[in-house]
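A.B. asks: Below is the structure I would like to discuss, written out as structure tokens.
The values are calculated or read from the model by the stated rules, or taken from the named source; none is laboratory data. From a predicted model like this one, the values you see are computed outputs, not experimental measurements. Here the Cβ is made from the backbone with ideal geometry for all residues, glycine too, and neighbour counts use every protein chain on show.
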Amino acid sequence: APEADLITNLPGLSFQPNFKQFSGYLSGVETRRLHYWFVESSSNPSRDPLVLWLNGGPGCSSLLGLLTENGPFQVKEDAETVIQNPFSWNQVANMIFLESPAGVGFSFDTAKNYTSSDDDAALNNYYALKDFFRKFPEYAGRDFYITGESYGGIYVPTLSNLVMKDPDMNLKGFAVGNGLSDDKMNDNSLVYFVYYHGLIGDKEWFGLLDACCPKNFSGICDFQGSEDLKCRQKLIGIQMLVWNSGLNVYNLYKECYGGVKDLTLHFDKTRGKFQSSNFGWPFMFLKNSPVSQRREKFLSMLPGSVD
Amino acid sequence: ASPPCTGDLQVIKYLNRPDVREALHISEQALEWTMCSSVLKYKRQYTTMMPQYQAALEKKLRILVYNGDVDMACNFLGDEWFVDSLKPENPQERSPWYYTAADGTKQNAGFFKAFDQITFVTIRGSGHMVPTDKPKPGLDMFVNFIQNKPF
């Protein structure tokens with residue numbers, strides 16, 4: 001293991017970890033430098049499997065996963081005290097948290113090129129893993145799993161398809177949590193989900209079926225495939241209900257942290273947000289979705305001209 | 001660049017402390033830490049992962065697809081349809097799975113559907129971030145997966 005990357009004194013720690021941890025950089029393609037934080041298993045690091053964890057976005061940091069989800073540490077409200085997570089996944093695995101692509105978290109590009117894509121992200125993650133095994137040769141041949149969440153539904157399988165061809169990495173499998181697997185299925189199922197959870201009533205539901213599905217259809221309705229204008233307008237209503245009505249889109253039964261700020265889209269207030277972020281989390285506006293199209297329309301208008 | 005309705009401001013403050021950056025060996029070239037990047041320009045290329053899953057199944061990889069069942073960003077039903085659409089071999093009946101709660105009682109953790117190489121699992125009452133919302137069932141599920149134990 002690289003001595004220079006060993007974390008010897010993590011500020012605010014309220015307990016003494018019984019595992020080693022490392023933080024530093026892994027080389028991606030050319031000028032890309034990806035930050036990793038590696039926590040060894042607290043059980044049997046020399047035998048437990050190696051697991052990579054990737055948060056989604058695209059563009060969100062995996063350190064969120066480490067510090068708020070399945071890592072060994074949690075930061076308290078005071079932003080100073082670090083406590084132990086009793087349900088950390090490093091109780092049974094050596095966990096790598098990788099910030100990617102470059103431009104995410106502490107990862108950067110020495111040439112300041114912050115463009116990326118699905119294939120580019122997968123390739124850079126693959127190169128970073130190669131570099132990890134160079135830095136930590138004791139993990140060569142170890143059972144290896146790639147895991148992730150949300151837009152990790154794209155990151156994880158695309159990376160796995162590269163890694164599984166590499167005989168130097170002993171990839172056993174992958175896991176995806178609440179992942180984006182298929183745009184069409186995700187969007188169509190959401191309409192059913194919304195009805196089944198009582199967010200729309202019978203009148204709206206039968207109106208949707210009437211506008212979007214062929215007469216006497218059976219099976220699953222392809223709402224997103226409909227070209228009907230009335231259907232598209234009703235689907236905008238569903239998207240607005242899910243994302244902009246004050247519901248917590250990430251947990252229907254949880255309060256919205258900070259409260260509901262605004263129930264309408266105010267262009268002058270949201271424009272900056274849209275411009276600063278070409279993604280959502282995990283994908284606030286799906287490509288070609290009604291909301292995405294509306295966003296594009298907003299962005300082409302002059303500030304102040306629309307509320 | 002924070003996701004809607006989520007907090008975690010303490011993480012932003014903590015990771016941007018100079019002493020924390022030093023302890024983590026963060027380069028001076030790194031930007032200020034944010035939850036989600038505001039400099040990244042990302043181009044999506046894929047609208048389905050069907051070919052990638054099929055290739056992984058052909059390579060005999062083991063796959064777990066899990067969903068907190070009250071998330072709307074990536075809802076469980078869409079991922080269940082996706083797994084079904086792969087037509088994996090040897091489908092088992094959709095069944096409940098259980099965990100032991102802090103008070104020692106056996107509780108329903110959700111439902112699962114197992115196939116030869118792929119398992120679809122729901123975590124009852126969890127949102128998008130399963131390890132945060134349901135840490136104990138989340139850990140049990142992870143252990144089952146990497147240790148290849150049945151649910």
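A.B. asks: Consider segment B:17-27. How many of its residues are in a helix (DSSP H, G or I) and either of a type outside the set (Val, Ile, Thr) or more than 7 Å from chain A (Cβ to nearest Cβ) (or both)?
C.D. replies: Residues that pass the stated criteria total 5.
A.B. asks: Every residue in segment B:7-16 that is free of Cβ contacts under 8 Å to residues at least 24 places away in the same chain and facing chain A (nearest Cβ under 7 Å), please.
C.D. replies: Answer for segment B:7-16, where residues must be free of Cβ contacts under 8 Å to residues at least 24 places away in the same chain and facing chain A (nearest Cβ under 7 Å): B:7, B:10, B:13, B:14, B:15.
A.B. asks: Given the structure, is residue A:72 more than 23 Å from residue A:170 (Cα to Cα) and of a type outside the set (D, E, K, R)?
C.D. replies: Yes; evaluated as a whole, the condition is true for this residue.
A.B. asks: Here's something else I'd like to know. How many residues does segment A:1-54 contain that are part of a loop (DSSP other than H, G, I, E, B) and hydroxyl-bearing (Ser, Thr, Tyr)?
C.D. replies: Residues flagged as part of a loop (DSSP other than H, G, I, E, B) and hydroxyl-bearing (Ser, Thr, Tyr) within segment A:1-54 amount to 7.
A.B. asks: Of (1) within 30 Å of residue B:119 (Cα to Cα); (2) in a helix (DSSP H, G or I), residue B:64 satisfies all except one. Which?
C.D. replies: Of the numbered conditions (1) within 30 Å of residue B:119 (Cα to Cα); (2) in a helix (DSSP H, G or I), the odd one out for residue B:64 is (2).
A.B. asks: Moving on. Can you find a residue in segment A:41-62 that is within 10 Å of chain B (Cβ to nearest Cβ) and of a type in the set (S, T, N, Q)?
C.D. replies: Yes: segment A:41-62 contains one or more residues that are within 10 Å of chain B (Cβ to nearest Cβ) and of a type in the set (S, T, N, Q).
A.B. asks: Say whether the condition of being of a type in the set (A, V, I, L, M) and either farther than 19 Å from residue A:97 by Cβ or facing chain B (nearest Cβ under 8 Å) (or both) is met by at least one residue in segment A:134-142.
C.D. replies: Yes, some residue in segment A:134-142 is of a type in the set (A, V, I, L, M) and either farther than 19 Å from residue A:97 by Cβ or facing chain B (nearest Cβ under 8 Å) (or both).
A.B. asks: So, one more: Looking at segment A:63-99, which of its residues are of a type outside the set (Asp, Glu), touching a Gly at 6+ places or on another chain (Cβ under 9 Å), in a loop (DSSP other than H, G, I, E, B) and more than 7 Å from chain B (Cβ to nearest Cβ)?
C.D. replies: A:71, A:81, A:85, A:88
A.B. asks: Still on this structure, I have one more. Pairs, please: C-beta under 7 Å, at least 6 apart or cross-chain, first residue closer than 20 Å to residue B:70 by Cα and touching a residue at least 24 places away in the same chain (Cβ under 8 Å) and in segment B:87-111, second of a type in the set (Asp, Glu) and part of a loop (DSSP other than H, G, I, E, B)?
C.D. replies: Sorted first by the residue in segment B:87-111, then by its partner, the pairs are B:110/B:69.
A.B. asks: I'd like to check something: does segment B:47-66 contain any residue that is buried (at least 18 other Cβ atoms within 10 Å of the Cβ), facing chain A (nearest Cβ under 7 Å) and within 23 Å of residue A:2 (Cβ to Cβ)?
C.D. replies: Among the residues of segment B:47-66, not one is buried (at least 18 other Cβ atoms within 10 Å of the Cβ), facing chain A (nearest Cβ under 7 Å) and within 23 Å of residue A:2 (Cβ to Cβ), which makes the answer no.
A.B. asks: May I ask you to list the residues in segment B:32-46 that are buried (at least 16 other Cβ atoms within 10 Å of the Cβ) and either within 7 Å of chain A (Cβ to nearest Cβ) or over 19 Å from residue A:60 (Cα atoms) (or both)?
C.D. replies: Residues satisfying the conditions are B:33, B:35, B:36, B:37, B:38, B:39, B:40, B:42, B:44, B:46.
Yes/no matrix, rows are residues, columns are (1) facing chain A (nearest Cβ under 8 Å); (2) under 12 Å from the mean Cα position of the chain (by Cα):
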position: B:98; (1), (2): no, no
position: B:124; (1), (2): no, no
position: B:128; (1), (2): yes, yes
position: B:134; (1), (2): no, yes
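A.B. asks: I've got another one for you. So, in segment A:76-88, how many residues would count as being out of contact with any strand residue (DSSP E or B) (no Cβ under 6 Å at 6 or more places or on another chain) and under 16 Å from residue A:17 (Cβ atoms)?
C.D. replies: Number of matching residues: 5.
A.B. asks: Of all residues being part of a loop (DSSP other than H, G, I, E, B) and in contact (Cβ under 8 Å) with a residue 40 or more places away in the chain in segment B:67-78, which is surrounded by the most Cβ atoms within 10 Å (Cβ to Cβ)? Just the residue, please.
C.D. replies: Out of the qualifying residues, it is B:74.
A.B. asks: Moving on. Of the numbered conditions (1) in a loop (DSSP other than H, G, I, E, B); (2) modelled with pLDDT of 95 or more; (3) crowded, with 24+ Cβ neighbours inside 10 Å, residue A:57 fails exactly one; give the number of that condition.
C.D. replies: (2)
A.B. asks: Quick one: would you say residue B:102 is surrounded by fewer than 14 Cβ atoms within 10 Å (Cβ to Cβ), more than 22 Å from the chain's Cα centre (by Cα) and aliphatic (A, V, I, L, M)?
C.D. replies: yes
A.B. asks: Determine if segment A:206-216 includes at least one residue that is modelled with pLDDT of 95 or more and within 13 Å of chain B (Cβ to nearest Cβ).
C.D. replies: Within segment A:206-216, none of the residues are modelled with pLDDT of 95 or more and within 13 Å of chain B (Cβ to nearest Cβ).
A.B. asks: Just name the residue that is surrounded by the most Cβ atoms within 10 Å (Cβ to Cβ) out of those in segment A:169-190 that are more than 9 Å from residue A:146 (Cα to Cα), touching a Leu at 6+ places or on another chain (Cβ under 7 Å) and at the interface with another protein chain (Cβ under 7 Å from one of its Cβ atoms).
C.D. replies: In this case the residue turns out to be A:186.
A.B. asks: A further question on this structure: Would you be able to tell me the number of residues in segment A:95-117 that are crowded, with 19+ Cβ neighbours inside 10 Å and within 12 Å of residue B:42 (Cβ to Cβ)?
C.D. replies: Counting residues in segment A:95-117 that are crowded, with 19+ Cβ neighbours inside 10 Å and within 12 Å of residue B:42 (Cβ to Cβ) gives 7.
A.B. asks: Do the conditions hold for residue B:81, that is, is it at the interface with chain A (Cβ under 8 Å from one of its Cβ atoms), at pLDDT 95 or above, in contact with a Gly (Cβ under 6 Å, 6 or more places away or on another chain) and not in a strand (DSSP E or B)?
C.D. replies: no
A.B. asks: Sticking with this one: Mind checking which residues of segment A:234-251 are within 22 Å of residue A:209 (Cβ to Cβ) and assigned to a loop (DSSP other than H, G, I, E, B)?
C.D. replies: A:245
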